[in-house]
1. So which residues in segment 1-25 are among the aliphatic types (A, V, I, L, M) and either in a loop (DSSP other than H, G, I, E, B) or modelled with pLDDT of 90 or more (or both), if there are any at all?
2. I want to confirm something. Restricting to segment 26-49 and keeping residues that are at pLDDT below 90 and assigned to a strand (DSSP E or B), which single residue is nearest to HIS108 (Cα to Cα)?
3. Tell me yes or no: at least one residue of segment 133-154 is free of Cβ contacts under 8 Å to residues at least 40 places away in the same chain, touching an Asp or Glu at 6+ places or on another chain (Cβ under 9 Å) and open to solvent by less than 30 Å² (accessible area, probe 1.4 Å).
4. How many residues does segment 96-121 hold that are open to solvent by less than 40 Å² (accessible area, probe 1.4 Å) and either touching a Ser or Thr at 6+ places or on another chain (Cβ under 8 Å) or assigned to a loop (DSSP other than H, G, I, E, B) (or both)?
5. Looking only at residues that are among the β-branched types (Val, Ile, Thr) and assigned to a helix (DSSP H, G or I) in segment 186-217, which one is most open to solvent (accessible area, probe 1.4 Å)?
6. Looking at (1) in contact with a Pro (Cβ under 7 Å, 6 or more places away or on another chain); (2) at negative phi; (3) open to solvent by 10 Å² or more (accessible area, probe 1.4 Å), find the lone condition where GLY67 falls short.
Amino acid sequence: MDAFAELMREGARAGMTPLRPLAMQESRLGEATVMEVITADGIITCVRHGLDAGEEEAVLFLGGALGGLSGPAHGLYDRVARRTGGVRLHYRKPGRMDDCLMDVLLVHHLLARRGVARVALVGHSFGGAVAIAAGVLLGPATAGVVALSTQVPGTEHVDKLAGTPLLLIHGDADGVLPDLCSRNVHERAGEPKELVILPGEGHLLDGATDTLIERVTSFVASAWAGG
């Protein structure tokens, strides 16, 4: 049973509404594709870069507590996705951890049906915790996790990522979530792991766009090679 099906089973036991894809609509947006995954409990909106030719690897880009598709650092997700391929995801119910996890696992489930076998997860703020939790739930399908300016709630099982590369990046001038958050996650995580503290950077890492593009792109390439 895959991670999505297992979470659905556990959710049903807890009285949660089952999340099933009723339909999926796609339309072109320049070189990308807009994907709308329609469920009885809302629509997951995604922008897919590549993955048209049966690629076996993809990156999932996850927003913060308000959702969104752009990520931090002046549209980091779009810039990196153009290089690595993958899917930028906007949740049905931003800020609700269980629902957002279901969204990620459902999108992964649909990608797996297209032949995607392994994913890297990139998340910012609340999305950093979603990326870590989803990485744990996806198990061997997770090639690596990047958490940018992450929160701590939702990372309780980060130790279970041991053996999967984890990159944590945080600004030391973050006025929303202090860099202590990433330090806490890093301390509890198993190897391989890396913590990068960026001097003078705030929560959105606005002054580190070029650094982040290089760091995240290199991390993803290394994750694929390590598989």
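1. We begin by selecting, within segment 1-25, every residue among the aliphatic types (A, V, I, L, M); these are 1, 3, 5, 7-8, 12, 14, 16, 19, 22-24.
Scanning segment 1-25 gives MET1, ALA14, MET16, LEU19.
2. Here the answer is GLU26.
3. For segment 133-154, residues free of Cβ contacts under 8 Å to residues at least 40 places away in the same chain, touching an Asp or Glu at 6+ places or on another chain (Cβ under 9 Å) and open to solvent by less than 30 Å² (accessible area, probe 1.4 Å): present.
4. Residues of segment 96-121 open to solvent by less than 40 Å² (accessible area, probe 1.4 Å): 99-108, 110-111, 115-116, 119-121.
With either touching a Ser or Thr at 6+ places or on another chain (Cβ under 8 Å) or assigned to a loop (DSSP other than H, G, I, E, B) (or both) added as a condition, the list becomes 106, 115-116, 119-121.
Summing the residues that are open to solvent by less than 40 Å² (accessible area, probe 1.4 Å) and either touching a Ser or Thr at 6+ places or on another chain (Cβ under 8 Å) or assigned to a loop (DSSP other than H, G, I, E, B) (or both) in segment 96-121 gives 6.
5. Selected residue: THR211.
6. For GLY67, the exception is condition (2).
Yes or no, residue by residue, for (1) out of contact with any helix residue (DSSP H, G or I) (no Cβ under 8 Å at 6 or more places or on another chain); (2) over 23 Å from THR209 (Cβ atoms):
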site	(1), (2)
ALA73	no, no
THR84	no, no
GLY154	no, yes
ILE169	no, no
LEU180	yes, yes
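Results for (1) outside any strand (DSSP E or B); (2) of a type in the set (S, T, N, Q); (3) more than 17 Å from LEU29 (Cβ to Cβ), shown as yes or no for each residue.
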{"position": "LEU51", "(1), (2), (3)": "yes, no, no"}
{"position": "LEU60", "(1), (2), (3)": "no, no, yes"}
{"position": "SER70", "(1), (2), (3)": "yes, yes, no"}
{"position": "LEU76", "(1), (2), (3)": "yes, no, yes"}
{"position": "ARG79", "(1), (2), (3)": "yes, no, no"}
{"position": "ARG82", "(1), (2), (3)": "yes, no, no"}
{"position": "ARG88", "(1), (2), (3)": "no, no, no"}
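The values are calculated or read from the model by the stated rules, or taken from the named source; none is laboratory data. Everything numeric in this text was worked out from a predicted model, so none of it was measured. Counting neighbours? That spans all protein chains shown, and the Cβs are built from the backbone with ideal geometry, glycine included. Ligands, DNA and RNA are stripped out before the accessible areas are found, and what is left, the full protein with its side chains, is counted by its heavy atoms. Shrake-Rupley method; radii C 1.70, N 1.55, O 1.52, S 1.80 Å.
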